[in-house]
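Just so you know, all these numbers are worked out from the coordinates, no wet-lab data involved. Computed from a predicted model, the values in this text were never measured in an experiment. FYI the Cβ positions are ideal-geometry reconstructions off the backbone, even for glycines, and counts take in every protein chain you see.
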Ligand code: NAD
Ligand code: SER
């Protein structure tokens, strides 16, 4: 059986995706890879892999007989605004190397897009599946380009590329990697450790969000869906819940009544958030491959607090 390669596997999504793939397909079929170590304690096999090195990407795909790639290596929105040219280079070049390897070696390829692929000219609630995409962040520019490149490799070369536009993702296994929605993870750590949190977004900034178990399941389900059902194969809107920092804090206070939140707004991340969707219309994902979220705000908060209590 061919192996499943996860690039950027030590990150927020990869940490949980690798575990889920190992449970589903067996440890011997999963190859986790990242530019940084830290994956050594992951289930499955781990290799160091800088996806900027095209030869090494090809070598790994060939040597380990890879049949499916989940390409998660990327620079996220807030970090990208601090080093835009570097973020463009990493996000585009790593993708091109992986697309090329998928083409050469006949692999299926999952590439995540994001709510960041939309901009201030897009309807925010709901954001249609097919709509204006004029993002104002470097991260968003790379996400739109990635959606188009994946379409191109599918139509031009027949590569089985697929992708989801993820909302902000909330999880407990790994810390988020420099995004605008990171507050929705940090808040839980601070609530349990210190009983208070200073939020870098305004209290009323509503964004689309999803709990990681739903995100991981969505990626795997999309990769398993019959190809002939997928009309929007590289950029399905998916959603699970919508909230602003004040509403998340209120939900946490139902379990930790002494928890306090205050605000020290970061203008850069606030501007990014203000340009992003509040709610994605996920009807295409529902219709084409049966997407359905399982966690809303209340279920997510209960599970996050219980999982983090065990870990902290
Ligand atoms: P993350 O920052 O937590 O992890 C990214 C990983 O990529 C890191 O472990 C990093 O070491 C690795 N990496 C960076 N450069 C690399 C390179 N040259 N070669 C190999 N590995 C490299 O990010 P994440 O949250 O896990 O996101 C993964 C993907 O999902 C990204 O494309 C991101 O844009 C997308 N996404 C994430 C979210 C979210 O909320 N986390 C939402 C929407 C989309
Ligand atoms: N959570 C991601 C970020 O904030 C969205 O893609 O960058």
Expressed in nanometres to one decimal, the distance between label points 7 Å along Cα→Cβ at residue 202 and residue 93 is 3.8
Quick note, segment 200-287: a/c under 1.5 would make it rounded; otherwise a/b > b/c is prolate and the rest oblate (a ≥ b ≥ c, C-alpha gyration tensor); here it is prolate
Longest principal axis of the chain (C-alpha) makes with the long axis of helix 84-105 (C-alpha) an angle, in degrees to the nearest 10, of 40
Taking Cα atoms only, helix 297-311 is inclined relative to the longest principal axis of the chain by an angle, in degrees rounded to 10, of 80
So residue 175 and residue 309, fully extended at 0.36 nm per residue minus their Cα-Cα distance, gain in nm 46.7 nm
Rounded to the nearest 10 degrees, the helix 12-25 long axis (Cα) sits at an angle to the longest Cα principal axis of the chain of 60
Quick note on 47, 98, ordering by fewest other C-beta atoms within 10 Å, gives 47, 98
For 58-67, 86-95, 222-231, ranked highest to lowest by mean beta-carbon neighbours within 10 Å, the order is 86-95, 58-67, 222-231
Taking the chain and counting helices only, DSSP H stretches of n ≥ 4 at -39,500 (n - 2.57) each over all residues, the nearest-500 ellipticity at 222 nm comes to -13500 deg cm²/dmol
Footprinting proxy, 264, 281, 34: sorted fewest to most Cβ within 10 Å, the residues are 264, 281, 34
Expressed as a whole-number percentage, the relative contact order of the chain with C-alpha contacts under 8 angstrom and at least six residues apart is 18
Taking a ≥ b ≥ c as the square roots of the Cα gyration tensor eigenvalues, with a/c under 1.5 meaning rounded and otherwise prolate when a/b beats b/c or oblate if not, the chain comes out prolate
The extension gain from residue 125 to residue 62, computed as 0.36 nm times the residue separation minus the Cα-Cα distance, is 18.3 nm
